[in-house]
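What follows is a single structure, written as structure tokens, with notes after it.
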Amino acid sequence: MSKLINTIGLSTTDILSKYPKGQFRVITKNRHVGMGCHNLRDFENERYSKDPSPLMSMYKKGTLQTIEFKPEGSDYWFKVFSRTGKKIHTIDEKILVGLTVGCINSCWHNTELYNWNQYKAVNSATWASYAFQMNEPKYETVRVA
């Protein structure tokens, strides 16, 4: 896994890198129903166990409240992402490392994740750049005749 660069001081956990397989469930806030819980299907669990960061852009802006993970063989659910309003209470390092600037700018721009100083610290230049791991600068080679 790439090295995490967290200059804004988010509270992180490291559960997903310790347990390679398990189940995910998502707590969402819906306009008419209130809070809802959605357990991901087996093929989704397999996909998100490898890279859980796409879960952050899977739901409409403002609906995702909590992501929980239950390791294979365990009976307990662990919070790997939790927020209330604009405050991010905890986020797993494996999710944080995979987040792009585009995901944050489109879905999480009103939270603590949206921070220009963080973007500068990791050399992000486009929306496809990572927000919490170092981006390699892309240089153009110029031939002098």
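So here's what we get for this one:
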{"item": "Residues satisfying the stated conditions in the stretch 104-122, i.e. more than 13 Å from the chain's Cα centre (by Cα) and surrounded by 14 or more Cβ atoms within 10 Å (Cβ to Cβ)", "result": "N115, Q118, Y119, A121, V122"}
{"item": "Cβ pairs under 7 Å, 6+ apart, first in the stretch 97-113 and at pLDDT 90 or above, second acidic (D, E)", "result": "G98/D51"}
{"item": "Test: residue in the stretch 48-62 that is in a strand (DSSP E or B) and surrounded by 13 or more Cβ atoms within 10 Å (Cβ to Cβ)", "result": "no"}
{"item": "Tally of residues being under 16 Å from G22 (Cα atoms) and surrounded by 16 or more Cβ atoms within 10 Å (Cβ to Cβ) across the stretch 63-76", "result": "5"}
{"item": "V80 vs. criteria part of a helix (DSSP H, G or I), touching a residue at least 40 places away in the same chain (Cβ under 8 Å) and under 11 Å from the mean Cα position of the chain (by Cα)", "result": "no"}
{"item": "Positions within the stretch 1-36 being out of contact with any helix residue (DSSP H, G or I) (no Cβ under 9 Å at 6 or more places or on another chain), in contact (Cβ under 8 Å) with a residue 40 or more places away in the chain and within 19 Å of M58 (Cα to Cα), in sequence order", "result": "R25, I27"}
{"item": "Selection within the stretch 1-44 - among the small types (G, A, S) and surrounded by 16 or more Cβ atoms within 10 Å (Cβ to Cβ)", "result": "G22"}
{"item": "Residues of the stretch 23-66 that turn out to be at positive phi and at pLDDT 90 or above, as a count", "result": "0"}
{"item": "Conditions (1) over 20 Å from R25 (Cβ atoms); (2) part of a strand (DSSP E or B); (3) among the hydroxyl-bearing types (S, T, Y); number of the one not met by T66", "result": "(1)"}
{"item": "Hits in the stretch 1-47 (condition: of a type in the set (D, E, K, R), touching a Phe, Trp or Tyr at 6+ places or on another chain (Cβ under 9 Å) and in a helix (DSSP H, G or I))", "result": "E44"}
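The values are calculated or read from the model by the stated rules, or taken from the named source; none is laboratory data. What you are looking at is a predicted structure, and each value in this text was computed from that prediction instead of being measured. Here Cβ is always computed from backbone atoms with ideal geometry, including for glycine, and neighbour counts include all displayed protein chains.
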